[in-house]
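One structure below.
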Amino acid sequence: MSTQTRISLLLLLLSTQLGVTPLAATAQTAPTATPIPIAPTQPTQTICPAQLGSNIDAIANRSLFTRVRWGILVKNLNSGQTLYSRDANKYFIPASNTKLLTTAAALQQLGANFRIRTSIYQQEPGVLRVVGRGDPSITDAQLANLAKQLKAKGITQIKKLIADDSYVQGDVVQPSWQWEDLQSDYGAPVGSFIVNENIFTIKLLPQSVGRPLKISWADPNEASIWRVLNQSTTVANDQETDLSVTRDLSGNILKIQGQLKANSNPLAVDLPVVDPNYFFLRRFRVALAKEGIKLGTTAVLNGGSTQTEVAAIQSPPLAELIKITNVDSNNLFAESVLNIMAVKQARKPRQASSAVGLEVLKRTLTQIGVNATSYFIVDGSGLSRKNLISPEALVQLLQSMAKSPTASAFRASLPVGGRTGTLKNRFRGTPAEGIVVAKTGTVGGVVSLSGYLNAPNYEPLAFSIIVNQSEQPARVLRQAVDEMVVTMTQLKKC
């Protein structure tokens with residue numbers, strides 16, 4: 001991949017995973033493409049537990065999977081009996097199955113009702129300090145709420161507004177994330193301040209043939225900080241569309257290259273911001289202006305008095321935050337959840353919040369019975385290819401969480417086959433529809449699925465399926481994984 005890695009806007013095939021959509025569509029927040037549903041398995045077919053292995057092997061051993069690595073573990077959730085195991089104790093790149101570890105540990109550590117508070121303090125006359133604590137759910141609507149609170153306090157002018165970003169320390173993106181991830185909306189930066197999931201939107205509109213695409217900014221304030229190199233072209237309707245949008249991570253250059261057909265619908269392109277702190281301040285300035293509050297200078301500093309709180313907002317409960325994390329496979333929410341586990345924890349000088357969160361995560365999972373040597377992770381979302389988790393670790397986690405006081409909140413955070421989130425378009429028309437709840441995962445060459453299955457003629461199951469090192473398209477791997485899960489629904493007591 002060159003240093004100008006492209007956000008490949010192959011419009012029909014990749015738009016949902018790269019934040020590029022027709023204006024009538026909704027961009028997803030995680031790199032998970034919509035799979036082709038598998039054909040229903042005959043619902044009347046049943047198998048004994050002793051037959052499960054040969055049925056799964058028949059799928060995993062197909063010729064097109066000759067060179068791939070499968071890690072699979074299926075257990076009876078109640079008894080713990082192993083029904084099938086294939087390299088279950090080996091390490092695999094887990095992709096977004098990592099989110100299972102992050103969300104489970106956060107629930108255990110903080111509780112389902114934990115909320116993140118964002119506060120504004122009066123420092124001195126005319127000087128306010130807003131303290132961000134890493135709430136990933138803040139939108140323009142919540143900023144409007146803060147502005148209204150200030151107005152209700154009689155504040156009509158702010159000489160200086162300070163953004164205190166001391167709460168979340170460390171890099172705003174994980175150093176091991178790949179370049180193309182940092183270019184995409186699903187790789188947005190995470191810090192003390194997050195608003196609108198730290199992404200901004202531009203719209204690309206075709207013009208007459210031969211002319212550059214017209215660029216429209218959803219937020220005019222963002223247009224003023226970017227230098228755009230528009231090297232795009234509108235082409236005839238019989239030509240191929242091939243468009244890329246890249247940004248300079250260390251500066252303010254946005255490059256648009258390629259071509260778009262003249263009859264194409266306008267496109268919305270979501271891109272991650274570079275500096276979350278100043279992005280927050282720009283969006284808050286807009287909210288203040290709407291309430292008639294004049295704002296002078298802004299600054300980003302650390303520390304200050306917390307004696308006089310003049311306005312505050314709170315996130316939804318943690319149970320709702322982890323539902324967004326897992327159902328939608330939202331990377332930004334996952335990294336934020338990892339950071340908030342550093343709450344009230346002792347921190348070494350210059351130690352990153354994520355590093356503290358990982359320490360808490362490992363300690364917490366050990367307490368609930370997950371073998372600390374069965375996984376190695378460096379982020380909370382699974383976007384890093386350095387993460388390594390065994391199917392054994394994931395099933396241990398699922399078993400432990402099923403007995404936890406937070407079991408219902410954890411289970412409710414998982415997508416339901418054929419119904420919700422990243423499983424909405426999988427398992428439709430199969431016996432697994434509505435009875436499998438599991439976390440998906442996809443990065444290049446990796447597909448994973450781990451969760452629970454209530455087999456209609458058998459006892460509840462906990463399972464983990466991970467496939468690595470494959471050159472096959474993700475949809476092909478997902479189809480095989482889904483066939484394995486459908487096979488599990490056919491279990492009966494023999």
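The values are calculated or read from the model by the stated rules, or taken from the named source; none is laboratory data. Here the structure is a predicted model, which is why all the values come from computation and not from measurement. Here the Cβ positions follow ideal geometry from the backbone for every residue, glycine too, while neighbour counts run over all protein chains shown.
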Ser96 - would you say it is assigned to a loop (DSSP other than H, G, I, E, B) and surrounded by 15 or more Cβ atoms within 10 Å (Cβ to Cβ)? no
Touching a Leu at 6+ places or on another chain (Cβ under 6 Å), assigned to a helix (DSSP H, G or I), buried (at least 19 other Cβ atoms within 10 Å of the Cβ) and in contact (Cβ under 8 Å) with a residue 12 or more places away in the chain: which single residue out of Val485, Val395 fits that description? Val395
Checking the structure you have, find out if any residue of segment 192-213 is closer than 30 Å to Ser166 by Cβ, without any contact (Cβ under 8 Å) to a residue 12 or more places away in the chain and either assigned to a loop (DSSP other than H, G, I, E, B) or out of contact with any strand residue (DSSP E or B) (no Cβ under 9 Å at 6 or more places or on another chain) (or both). no
Report whether or not Gly187 is crowded, with 17+ Cβ neighbours inside 10 Å, under 18 Å from Met341 (Cβ atoms) and not charged (D, E, K, R). no
Residue check for Leu449: assigned by TED's automatic domain parsing to the domain that holds Ala95, closer than 19 Å to Gln45 by Cα and touching a helix residue (DSSP H, G or I) at 6+ places or on another chain (Cβ under 7 Å): no
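Residue-wise test of (1) under 23 Å from Lys255 (Cα atoms); (2) in contact with a Leu (Cβ under 9 Å, 6 or more places away or on another chain); (3) modelled with pLDDT of 95 or more.
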residue: Gln178; (1), (2), (3): yes, yes, no
residue: Leu182; (1), (2), (3): yes, yes, no
residue: Lys203; (1), (2), (3): yes, yes, yes
residue: Gln207; (1), (2), (3): yes, yes, yes
residue: Ser224; (1), (2), (3): yes, no, no
Note on Gly53: of the conditions (1) surrounded by 23 or more Cβ atoms within 10 Å (Cβ to Cβ); (2) farther than 20 Å from Ala402 by Cβ; (3) small (Gly, Ala, Ser); (4) at pLDDT 95 or above, unmet is (1)
Test: Leu358 is free of Cβ contacts under 8 Å to residues at least 60 places away in the same chain, outside the structural domain of Asp181 (by TED's automatic domain parsing) and either not hydroxyl-bearing (Ser, Thr, Tyr) or not in a helix (DSSP H, G or I) (or both): yes
Quickly run through segment 361-392 and pick out the residues that are charged (D, E, K, R), within 20 Å of Ser464 (Cα to Cα) and assigned to a helix (DSSP H, G or I). Lys362, Glu392
For segment 117-131, check the following and say yes or no: at least one residue is polar (S, T, N, Q), buried (at least 19 other Cβ atoms within 10 Å of the Cβ), under 19 Å from the mean Cα position of the chain (by Cα) and modelled with pLDDT of 95 or more. no
What are the pairs with Cβ atoms under 6 angstrom where one residue, in segment 221-238, is under 15 Å from Leu281 (Cα atoms) and in the same structural domain as Gly258 (by TED's automatic domain parsing) and the other, located anywhere, is at pLDDT below 90 and in a loop (DSSP other than H, G, I, E, B)? Sequence gap at least six, or different chains. Ile225/Asn252
Only residues that are polar (S, T, N, Q) and in a loop (DSSP other than H, G, I, E, B): list them for segment 152-179, please. Thr156, Ser166, Gln169, Gln174, Ser176, Gln178
Answer yes if at least one residue in segment 210-227 is surrounded by 22 or more Cβ atoms within 10 Å (Cβ to Cβ) and more than 30 Å from Ala352 (Cβ to Cβ), and no otherwise. yes
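How about segment 72-89: which of its residues are surrounded by 16 or more Cβ atoms within 10 Å (Cβ to Cβ) and at negative phi?
Taking segment 72-89 and keeping what is surrounded by 16 or more Cβ atoms within 10 Å (Cβ to Cβ), we get 72-77, 83-88.
Result: Ile72, Leu73, Val74, Lys75, Asn76, Leu77, Leu83, Tyr84, Ser85, Arg86, Ala88.
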Evaluate segment 94-102: report whether one residue or more is in contact with a strand residue (DSSP E or B) (Cβ under 8 Å, 6 or more places away or on another chain) and either among the hydroxyl-bearing types (Ser, Thr, Tyr) or over 26 Å from Phe376 (Cα atoms) (or both). yes
Residue check, Glu124 against (1) touching a Ser or Thr at 6+ places or on another chain (Cβ under 8 Å); (2) among the charged types (D, E, K, R); (3) without any contact (Cβ under 8 Å) to a residue 60 or more places away in the chain, all met but one. Which one? (1)
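For the structure I just gave you, tell me whether Pro43 is at pLDDT below 95 and outside the structural domain of Asp164 (by TED's automatic domain parsing). Steps first, please.
Numbers: at pLDDT below 95: yes; outside the structural domain of Asp164 (by TED's automatic domain parsing): yes.
When the stated conditions are applied, Pro43 passes them.
Residues in segment 242-265 that are within 28 Å of the chain's Cα centre (by Cα) and either surrounded by 16 or more Cβ atoms within 10 Å (Cβ to Cβ) or in a strand (DSSP E or B) (or both): how many?
Residues meeting the conditions: 11.
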Taking Gly429 and the conditions (1) more than 21 Å from Val360 (Cα to Cα); (2) surrounded by 16 or more Cβ atoms within 10 Å (Cβ to Cβ); (3) not aromatic (Phe, Trp, Tyr), which numbered condition does it fall short on, given that it satisfies the others? (2)
Restricting the search to segment 418-474, which residues are among the β-branched types (Val, Ile, Thr), closer than 14 Å to Met484 by Cα and out of contact with any Leu (no Cβ under 9 Å at 6 or more places or on another chain)? Thr430
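Name the residues in segment 266-318 that are assigned to a loop (DSSP other than H, G, I, E, B), polar (S, T, N, Q) and surrounded by fewer than 17 Cβ atoms within 10 Å (Cβ to Cβ), would you?
Let us first name the residues in segment 266-318 that are assigned to a loop (DSSP other than H, G, I, E, B), namely 266, 273-275, 291-293, 302-308, 315-317.
Right, trim to polar (S, T, N, Q) and you get 302, 305-308, 315.
Residues satisfying the conditions are Asn302, Ser305, Thr306, Gln307, Thr308.
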